[in-house]
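Each remark here refers to the structure printed beneath this line.
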Amino acid sequence: MDKTAIDYADFAEYDRRQRSIERHVLAAFGGGLVVGLGGMLLSGAGPAWLDRVYDPYAYVALTIAVGVTASGFGWALLGTFLAAVTTLVAAMGASALRGRFTFDVIDGGAAGLNWMLFMLVGLGLLAYVTRRNDHWGDTAAGVVGGVLLADVVDRATPGFIETEEAFWPGPALAVGILSVGAVIALRRSTGARLCALAVTAVLALLFAVVLTGVLGLSFPLDD
């Protein structure tokens, strides 16, 4: 009888785990659908700053949430890919319903879709790695923050590749603060948070320095 009870408990635990995975996959799909449709429907309907914050940071937030809550690396890969693809398809579908079907719905058009998918899935997988209680987890959290801050720097700095004049200062500061907050939230101890923030700062600084050198930009201190 005891052995039967133990086997039943193991089976019940396995069943709960499978149901949790199913709910997670469905949530990734539903989240991508809602976020993609919301982004397309909000485009041009609200204040300009909302578009600049929503695209692409709402999509990034979704994939990070999916990745960090996954039950395994493979499920994180599947969930983040599903969420990203569903977001893109939903956005294009909403665009078609509004009479302007186009690939140019999320940060860059047809040529940028593959890069966008790669970035979203990559950030989701990094978010999953942040669950580790070691330096790999700290580094993953720092890279997530570094990528986000690098994008903010790119969009807010005159002369950079994706410069948007209206992105500075309000949207840029808001996204920057939220990015730092995300790094802190992804770690569980003060030491881990400091290590992750250090990685974030170094990566963002390196990005700014490298991009400045590549573009041959200079920022004089006086007129």
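Okay, here's what the table says:
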{"item": "Failed item, numbered, when D138 is tested on (1) surrounded by fewer than 19 Cβ atoms within 10 Å (Cβ to Cβ); (2) touching a residue at least 24 places away in the same chain (Cβ under 8 Å)", "result": "(1)"}
{"item": "Some residue of the stretch 86-99 being among the aliphatic types (A, V, I, L, M) and at pLDDT 85 or above", "result": "no"}
{"item": "Yes/no for L215 being in contact with a Gly (Cβ under 9 Å, 6 or more places away or on another chain) and at pLDDT below 75", "result": "yes"}
{"item": "Residues satisfying the stated conditions in the stretch 144-159, i.e. open to solvent by 10 Å² or more (accessible area, probe 1.4 Å) and more than 12 Å from P56 (Cα to Cα)", "result": "V147, L149, A150, V153, D154, A156, T157, P158, G159"}
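The rows are residues; the columns are (1) at pLDDT below 75; (2) surrounded by 17 or more Cβ atoms within 10 Å (Cβ to Cβ); (3) of a type in the set (A, V, I, L, M, F, W, C).
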residue: R17; (1), (2), (3): no, no, no
residue: R23; (1), (2), (3): no, no, no
residue: L26; (1), (2), (3): no, no, yes
residue: G30; (1), (2), (3): no, no, no
residue: G36; (1), (2), (3): no, yes, no
residue: G39; (1), (2), (3): no, yes, no
residue: L42; (1), (2), (3): yes, no, yes
residue: V53; (1), (2), (3): no, yes, yes
residue: L62; (1), (2), (3): no, yes, yes
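The values are calculated or read from the model by the stated rules, or taken from the named source; none is laboratory data. Model, not experiment: these values are computed from the prediction. Virtual Cβ from ideal backbone geometry, glycine too; neighbours counted across all protein chains shown. Surface areas here come from the heavy atoms of the whole protein model, side chains and all, with no ligands, DNA or RNA. Shrake-Rupley method; radii C 1.70, N 1.55, O 1.52, S 1.80 Å.
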